[in-house]
There are 2 protein chains.
Amino acid sequence: MTSITPAAPIGNRAAASEARKQRIRDAALALFSQFGLRGASLDAIADQAGVSKTNLLYYFPSKEKLYVAVLQQILDTWLEPVRAIDAEQSPETAIGDYIRIKVELSRDHAQASRLFCLEMIQGAPLLREDLQSNLRLLVEEKSRVIEGWIARGSLRPVDPHHLIYLLWGTTQHYADFAVQIEAISGRTLADPAFFEATVENITRIVLGGLLPRTNADS
Amino acid sequence: MTSITPAAPIGNRAAASEARKQRIRDAALALFSQFGLRGASLDAIADQAGVSKTNLLYYFPSKEKLYVAVLQQILDTWLEPVRAIDAEQSPETAIGDYIRIKVELSRDHAQASRLFCLEMIQGAPLLREDLQSNLRLLVEEKSRVIEGWIARGSLRPVDPHHLIYLLWGTTQHYADFAVQIEAISGRTLADPAFFEATVENITRIVLGGLLPRTNADS
DNA sequence: GTCTATAATTCGATAGAC
DNA sequence: GTCTATCGAATTATAGAC
């Protein structure tokens, strides 16, 4: 008798359905980020999500569709800190904030960082187009912001691309190589003191070399 | 009638055998570094090495044995630049040389870098012990070298661990994220001008922030 | 040492009952 | 929407001839 229209406010069924899809995506992120697209099995993902494999394939019609769904949920979050870089800010504020936010992402979304890294290592077959268009334009835009800082003397000369790569590389390293860092330092970013030391040291090295020298410097 | 003793000088048979094993290891590195342990099939590796799958399994009795053989061949090469860091050198020379050598490795052994990264992302199940003992000791030793530089005023204060992580992260990034960098910059490290610009910018950012300020600085 | 043939699993995906 | 049952392909590894 009752018929649910697609545009209706989310009812119990639809909400439960979306919740189940999210549980599947979460489980898929955990396993894809550790074993890769081919290394993670639908059996294992369904098991971790608490659903049957058949049921998983009801919500995501193929393994690759599930993989893409997980990747797309990550991408925007990942580039948001880059988008936030603004010419109006001082380089000290903009770069300092960027470093902190990226280290926070490495702490709170390490699996997402690792899946992104895995996809890059494998040649990013599913993201290549996006990289060559959207990401390239974004980096060009922010490079001009950095060049503006250099032109008005608030940043010492540096190639903007290489600065951006250095910022990406150092901050993501704490998520992607977390095992190595924990084996050596015995700490993780979950430790507040280690987190602060990470942000502070990266910031000091990068900004210490790039901010103009004042007479106060020894 | 003729019997080959194990200690005999390498004859044609033994040389051919070793050459074939090396071809298999090379093919395995190429495919493991792109698809991971589970994602690369012995069929594909044997095919790329130009041998039959059965023959591959004659030389390496299991897939995991082959994987470990490839990993071990990488490890020493990879840590050699760290070992070369010497207290007798000036920090400018030691760190500058380290950056150049690591970027050379990222250029000439990108697949090895990526396989190492893959193994770390997956939790380094086969290297964990080695990390917690050998690598940890190596990093402690080099940290004391860095602390010595700071104590005698030839390096500004910085946490040695975070400096080492930053150097690792930025240099390896050019190998592990080569696809992303090529999509954005349109260049690779194979381009000599891009290679030099990479070394120079990383060096300038890191050393610019860490070397003591002189009166010549503006 | 190298091959063919095949054993023994595992995996992604589908069919069809309920 | 969810389940059981199962197909068909791919994969690691072994057996045995030469």
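The values are calculated or read from the model by the stated rules, or taken from the named source; none is laboratory data. These numbers were taken from a predicted model, which means no experiment stands behind them. Every residue, glycine as well, gets a Cβ built from its backbone with ideal geometry; the counts of neighbours run over all protein chains shown. Heavy atoms of the whole protein, side chains included, go into the accessibility calculation; ligands, DNA and RNA do not. Shrake-Rupley method; radii C 1.70, N 1.55, O 1.52, S 1.80 Å.
Here are some notes:
- Subset of segment B:35-82 that is β-branched (Val, Ile, Thr) and more than 10 Å from DNA strand D (Cβ to nearest atom) - its residue that is nearest to the other protein chains (Cβ to nearest Cβ): B:VAL82
- Residue tally, condition surrounded by fewer than 22 Cβ atoms within 10 Å (Cβ to Cβ) and either closer than 16 Å to A:LEU71 by Cα or among the charged types (D, E, K, R) (or both), over segment A:40-58: 3
- Only one entry of A:ASP130, A:ASP108 meets the criterion of being of a type in the set (Asp, Glu), at the interface with another protein chain (Cβ under 10 Å from one of its Cβ atoms) and open to solvent by 20 Å² or more (accessible area, probe 1.4 Å), and that entry is A:ASP130.
- Tabulated pairs, segment B:55-73, first within 13 Å of DNA strand C (Cβ to nearest atom), second of a type in the set (Val, Ile, Thr) and open to solvent by less than 50 Å² (accessible area, probe 1.4 Å), C-beta under 7 angstrom, 6+ apart or interchain: B:LEU56/B:ILE24; B:LEU56/B:ILE45; B:TYR59/B:ILE24; B:PHE60/B:ILE24
- A count restricted to segment B:18-39 and to residues that are more than 17 Å from the chain's Cα centre (by Cα) and surrounded by fewer than 18 Cβ atoms within 10 Å (Cβ to Cβ) stands at 7.
- Tallying residues that are part of a loop (DSSP other than H, G, I, E, B) and among the acidic types (Asp, Glu) within segment B:39-91 yields 2.
- Residue within segment A:163-177 that is farther than 30 Å from A:LEU29 by Cα and in contact with a Gly (Cβ under 9 Å, 6 or more places away or on another chain) present: no
- Single match in B:ARG107, B:ARG204, B:ARG152, B:ARG136 (criterion: in contact (Cβ under 8 Å) with a residue 40 or more places away in the chain and among the basic types (Lys, Arg)): B:ARG107
- 1 or more residues at pLDDT below 95 and surrounded by 19 or more Cβ atoms within 10 Å (Cβ to Cβ): qualifying helices (runs of 4 or more DSSP H) within segment B:137-218: B:192-210
- Checked against the criterion of being modelled with pLDDT under 95, farther than 29 Å from B:SER106 by Cα and open to solvent by 50 Å² or more (accessible area, probe 1.4 Å), segment A:69-79 has at least one qualifying residue.
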